[in-house]
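Notes for the one structure printed next.
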Amino acid sequence: MKKKPDNIILHVATNDVPEKDHVEIYNDLQEVIKLIHDRVPNIKNIVISAPIVRTDSKPANIELRNYTRYLKDNLVNEVIVHDNIHATNLTGGGIHLNYTGIPKLAENLLSKIRKF
């Protein structure tokens, strides 16, 4: 990775649910964005990769949906939403991507990278 990247995609917050609510997670994300701007003042893009669905905990999944909605409504940065990833794209534990989900996430991220 370049020491002074032009673009960054952040895929964060999934593990913070359900310990934190979507507003707390968003506030933490703002701190990360501020840190990036402080360290790389000329960065062109900070894109947020929204969390992926999870099926291990209904309350956690609801909070992740709330967080994604909150991101889209409040963030000035672009947000990549992974609407094409569903429960069938997860392993049996309901958190991690399986062999059908990994390529979907990769394509979602690559689609954005190609536009930089």
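Mind checking whether some residue in the range 68-80 is under 21 Å from E19 (Cα atoms), in contact with a Pro (Cβ under 8 Å, 6 or more places away or on another chain) and not small (G, A, S)? Within the range 68-80, one or more residues are under 21 Å from E19 (Cα atoms), in contact with a Pro (Cβ under 8 Å, 6 or more places away or on another chain) and not small (G, A, S). Note on the range 96-116: residues that are in contact (Cβ under 8 Å) with a residue 40 or more places away in the chain and in a helix (DSSP H, G or I) total 6.
Of the residues that make up the range 4-23, is at least one modelled with pLDDT under 95, in a helix (DSSP H, G or I), surrounded by 13 or more Cβ atoms within 10 Å (Cβ to Cβ) and of a type in the set (S, T, N, Q)? Yes.
Is it the case that the range 30-38 has a residue that's part of a loop (DSSP other than H, G, I, E, B) and either surrounded by 15 or more Cβ atoms within 10 Å (Cβ to Cβ) or over 16 Å from the mean Cα position of the chain (by Cα) (or both)? No, the range 30-38 has no match at all.
Residues in the range 39-60 that are assigned to a loop (DSSP other than H, G, I, E, B) and not β-branched (V, I, T): P41, N42, K44, A50, P51, R54, D56, S57. Consider the range 61-95 and keep the residues that are charged (D, E, K, R) and part of a helix (DSSP H, G or I). The one that is surrounded by the fewest Cβ atoms within 10 Å (Cβ to Cβ) is D73.
The values are calculated or read from the model by the stated rules, or taken from the named source; none is laboratory data. The model shown is predicted, which means the values in this text are computed figures rather than measured ones. Reconstructed Cβ throughout: ideal geometry from the backbone, glycine too, with neighbour counts over all protein chains shown.
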